[in-house]
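The next block holds one structure in the form of structure tokens; read it before the comments.
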Amino acid sequence: MMDEICAGLENIRTLHPLVHNITNYVVMNFTANVLLALGASPVMAHAAEEVEEMVGLANALVINIGTLSRSWIDSMGIAATAARKRCIPIVLDPVGAGATRFRTETAKRFLREAPPTVLRGNASEILALAGAKGTTKGVDSLAGSRDARQAAIELAKSNAMVVAVTGAEDFVTDGSRAATVTNGHVLMSRVTGTGCAASAVTGAFCGVQRDGFVAATGALVAFGIAGEIAAGAQPGPGTFQIKLLDALDAVDPAAIRDRARVELS
Amino acid sequence: MMDEICAGLENIRTLHPLVHNITNYVVMNFTANVLLALGASPVMAHAAEEVEEMVGLANALVINIGTLSRSWIDSMGIAATAARKRCIPIVLDPVGAGATRFRTETAKRFLREAPPTVLRGNASEILALAGAKGTTKGVDSLAGSRDARQAAIELAKSNAMVVAVTGAEDFVTDGSRAATVTNGHVLMSRVTGTGCAASAVTGAFCGVQRDGFVAATGALVAFGIAGEIAAGAQPGPGTFQIKLLDALDAVDPAAIRDRARVELS
Amino acid sequence: MMDEICAGLENIRTLHPLVHNITNYVVMNFTANVLLALGASPVMAHAAEEVEEMVGLANALVINIGTLSRSWIDSMGIAATAARKRCIPIVLDPVGAGATRFRTETAKRFLREAPPTVLRGNASEILALAGAKGTTKGVDSLAGSRDARQAAIELAKSNAMVVAVTGAEDFVTDGSRAATVTNGHVLMSRVTGTGCAASAVTGAFCGVQRDGFVAATGALVAFGIAGEIAAGAQPGPGTFQIKLLDALDAVDPAAIRDRARVELS
């Protein structure tokens, strides 16, 4: 697994996969900077008139429902359908699923109509998509990722996709394989959009690596290690956000091999 | 007053009030990071389909008209009406009122149809809402907060709300009580969205404190002190923006008691 | 030329030109902070109801098509037409022209219907607008600015505008005069929105300087030097982004005279 994760990271640095993001307003700038720092090439485009053409140029599509509206949902649907036709991997980030019906239903619709390669959410979002209730606070999870393991496995099986539940501990499963990643740092929860960034990084790995389970696991390992490096000097949350970008640029195969904490099961 | 301000800050740290922001594109990321750094829990949602449900989960609603469009105004109206029904405090930030009729009229409509708990603006915005003309430059004020004191008092009385006029010197009034806050630093005017951030912080305080006058005063004291701490090492405006987030995380009751400059009248 | 560039910079610091940006979601915050750090006064407004009034208050209009949609195109058109009527300089940033037909055609339409004072793009965007194909990767250029010199000169002549092609080396032309600027740093390509920021800075210079060729050249010199200063301590891309804002605040006529690398032809 370590070899594959390192290969994924190195491929991002040499191939600069184009990651097409249809994401929320809050995190667009940070997401683009995360992808650039990692070595990928971000593009944001959401107009119905161009998403099909843009996704055709991309190595991965990341759909994030953090600030939804009707017209954006339409564009996300067009882009996801086009991506599936062309076998371009899709990462779906169901931000706030469980908080409002609009979000839960939109995320469920995408799972049904254009299932992603990887679904990446926090525990409450994954639980909500599996039918559980009342575990979210806005866009923050009130549940831990352990609570969502069974839901993740079931969702992965029923949708033939990889599910990545992130939190203090990350859990990745494709329904048969599973990985627990314990890299990362608590400061990541003090910066907006780190979950969304994890989804974008997953998109970058999916853009260079066919196996979505490996790609998602690798993304969370690399992102978590970058968080640990960034937190090294115990910065405040503002400084941490900036150092996280520096660390995404600096993280390399040696750091991966040295620091990765992955348990396969 | 110091006891109440410190209690507000501590309650934000322990209760993590959910602050629902319908705000402008420019400041969404910074606003979310400001709230997270302070200890609150931000959520952004603007779709007509979900704002009522989202605001029902929130401890405060912040409406900011910085990048308006028709559909966002509709959603802001739905959210504000829902918030009033449920006695959820509202902070209104009338960004650019006075610069265009569209902004002035939208802000006035909200004052009329769903008066906020706190109206937070710069002097030219408050003057424009009180009927004065020609004191704005885009979204920056050409007037000082002292020029807007009388307008603030009148607006507070006629709308039964708190008005907070920010600038080099902040003025807060509910029509009978008034506070002048002289915390803050000139670098705050060199970073976009510090006014919007002050409104969001006011939302966080309102989310844990019933008295809007105390909440708004406390918010401006805490935010101003964070600005002073951040400016300590004389950073440039970029570094200052990041250190402001670190300082919002670090500011504590001891700093409040030590540094607060509030004059009640 | 150095005198005029220094005069432009000093006028920005004393006049604080209001730059009205109708730009993309990804870079709005960074663009506003870049303008504030430089000494200009940014405003963002995109509603059809207010753009004409807002642009009437502005010293320059910057149109950036980075995250287009139909309603934004309409507003951009209204604003550009109003700006031309009032002789307010326009900077057009054709982000992603060449990547999708929607972007290429929208940029071409603006060139036709409301030609800008300055068109600022990367080589692949300029080539695409001159009719070339297949040189773009999302919003990043696969061509160097030298490849686009002839295209820039022809576009400048046929539209009676200034064209600025940025990259490792910048090329500015009004069809008869030309300048090559070799200031800047490779880290600028690792931060999202530096191209967009260069356009905004060009807007600020145009807001205080009638000659678009001088304004665009000065903007790229000042912005490039700020990039060099920011890169001085070899920061990672996150830290670099922040130091770039600090450097835009710090860059002064002495730095311009000391570091400018401009070749006129």
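The values are calculated or read from the model by the stated rules, or taken from the named source; none is laboratory data. As the structure is a computational prediction, the values presented were derived from the model and not from experiment. Cβ atoms come from the backbone with ideal geometry, glycine included; neighbour counts cover every protein chain shown.
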Practice item. Please find, within the stretch C:208-265, the residue that is surrounded by the most Cβ atoms within 10 Å (Cβ to Cβ) out of those that are in contact (Cβ under 8 Å) with a residue 60 or more places away in the chain and among the hydroxyl-bearing types (Ser, Thr, Tyr). Key: C:Thr217
Review point. Scanning the stretch B:235-249 for residues that are over 15 Å from B:Gly224 (Cβ atoms) and more than 7 Å from chain A (Cβ to nearest Cβ), which turns out modelled with the lowest pLDDT?
Key: B:Pro235
Practice item. Quick one: A:Gly193 ticks every box in (1) at negative phi; (2) at pLDDT 95 or above except a single one, so which number is it? Key: (1)
Check your understanding: Do we find that A:Pro17 is under 30 Å from B:Leu35 (Cα atoms) and in contact with a strand residue (DSSP E or B) (Cβ under 9 Å, 6 or more places away or on another chain) in this structure?
Key -> no
Practice item. Report whether or not A:Ala179 is modelled with pLDDT of 95 or more, surrounded by fewer than 24 Cβ atoms within 10 Å (Cβ to Cβ), within 23 Å of A:Arg103 (Cα to Cα) and not basic (Lys, Arg). Key: no
Exercise for review: Identify all residues within the stretch B:107-118 that are in a helix (DSSP H, G or I) and away from every other protein chain (no Cβ under 14 Å); write none if there are none.
Suggested key: B:Lys108, B:Phe110, B:Leu111, B:Arg112, B:Glu113
Review point. Quick one: in the stretch C:231-265, which of the residues that are in contact with a Leu (Cβ under 8 Å, 6 or more places away or on another chain) and in a loop (DSSP other than H, G, I, E, B) is nearest to A:Ile242 (Cα to Cα)?
Key: C:Gly236
Review point. Mind checking which residues of the stretch B:146-176 are surrounded by fewer than 22 Cβ atoms within 10 Å (Cβ to Cβ) and polar (S, T, N, Q)?
Key: B:Gln150, B:Ser158, B:Asn159, B:Ser176
Practice item. Filter the stretch A:119-132 for residues that are more than 14 Å from every other protein chain (Cβ to nearest Cβ) and in a helix (DSSP H, G or I) and give the result. Key: A:Ala123, A:Ile126, A:Leu127, A:Leu129
Practice item. State whether the residues of the stretch C:61-74 include one that is more than 14 Å from chain A (Cβ to nearest Cβ), of a type outside the set (D, E, K, R) and surrounded by fewer than 24 Cβ atoms within 10 Å (Cβ to Cβ). Key: no
Check your understanding: What pairs come up if the first residue lies in the stretch C:56-72 and is over 12 Å from A:Glu50 (Cα atoms), the second is buried (at least 24 other Cβ atoms within 10 Å of the Cβ) and of a type in the set (Lys, Arg), and their beta carbons are under 7 Å apart, counting only those six or more places apart or on different chains?
Key -> C:Ile65/C:Arg103
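Mind listing whichever residues of the stretch A:189-199 are in a helix (DSSP H, G or I) and within 14 Å of chain B (Cβ to nearest Cβ)?
Hits for the stretch A:189-199 are A:Ser189, A:Arg190, A:Thr194, A:Gly195, A:Cys196, A:Ala197.
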Point to revise | Checklist (1) of a type in the set (S, T, N, Q); (2) without any contact (Cβ under 8 Å) to a residue 40 or more places away in the chain; (3) crowded, with 24+ Cβ neighbours inside 10 Å; (4) touching a strand residue (DSSP E or B) at 6+ places or on another chain (Cβ under 7 Å) applied to A:Thr31, failing item | key: (2)
Revision key, fill the gap. Within the stretch A:186-212, residues among the charged types (D, E, K, R) and within 30 Å of B:Leu38 (Cβ to Cβ) come out as A:Arg190
Exercise for review: Look at the stretch A:107-128 and say how many of its residues are more than 16 Å from the chain's Cα centre (by Cα) and crowded, with 24+ Cβ neighbours inside 10 Å.
Suggested key: 2
Study note, to complete from the structure: The residue from A:Ala164, A:Ala143 that alone is touching a Phe, Trp or Tyr at 6+ places or on another chain (Cβ under 9 Å) and away from chain B (no Cβ under 14 Å) is A:Ala164
**Study point:** Residue in the stretch A:9-32 that is nearest to A:Gly195 (Cα to Cα), counting only those that are more than 9 Å from chain C (Cβ to nearest Cβ) and hydroxyl-bearing (Ser, Thr, Tyr)
**Key:** A:Thr23
Point to revise | Members of the stretch C:75-96 that are touching a helix residue (DSSP H, G or I) at 6+ places or on another chain (Cβ under 6 Å) and buried (at least 24 other Cβ atoms within 10 Å of the Cβ) | key: C:Ala79, C:Ala83, C:Pro89, C:Ile90, C:Val91, C:Leu92, C:Asp93, C:Pro94, C:Gly96
**Study point:** Number of the condition not met by C:Ile5 [criteria: (1) of a type in the set (Val, Ile, Thr); (2) more than 9 Å from chain B (Cβ to nearest Cβ); (3) under 26 Å from A:Tyr25 (Cα atoms)]
**Key:** (3)
Check your understanding: Which residue, of B:Gly218, B:Gly184, B:Gly224, is within 23 Å of B:Val118 (Cβ to Cβ), more than 14 Å from every other protein chain (Cβ to nearest Cβ) and in a loop (DSSP other than H, G, I, E, B)?
Key -> B:Gly184
Review point. So which residues in the stretch C:136-173 are out of contact with any strand residue (DSSP E or B) (no Cβ under 7 Å at 6 or more places or on another chain) and either farther than 24 Å from C:Thr192 by Cα or in a loop (DSSP other than H, G, I, E, B) (or both)?
Key: C:Ala143, C:Gly144, C:Gln150, C:Ala151, C:Glu154, C:Lys157, C:Ser158, C:Asn159, C:Ala160, C:Ala168
Study note, to complete from the structure: Note: among B:Leu57, B:Leu36, just one is surrounded by fewer than 21 Cβ atoms within 10 Å (Cβ to Cβ), at the interface with chain A (Cβ under 10 Å from one of its Cβ atoms) and closer than 24 Å to A:Val191 by Cα, namely B:Leu57
Revision key, fill the gap. Checked A:Ala40, A:Ala58 against criteria (of a type outside the set (S, T, N, Q) and touching a Pro at 6+ places or on another chain (Cβ under 7 Å)); the one match is A:Ala40
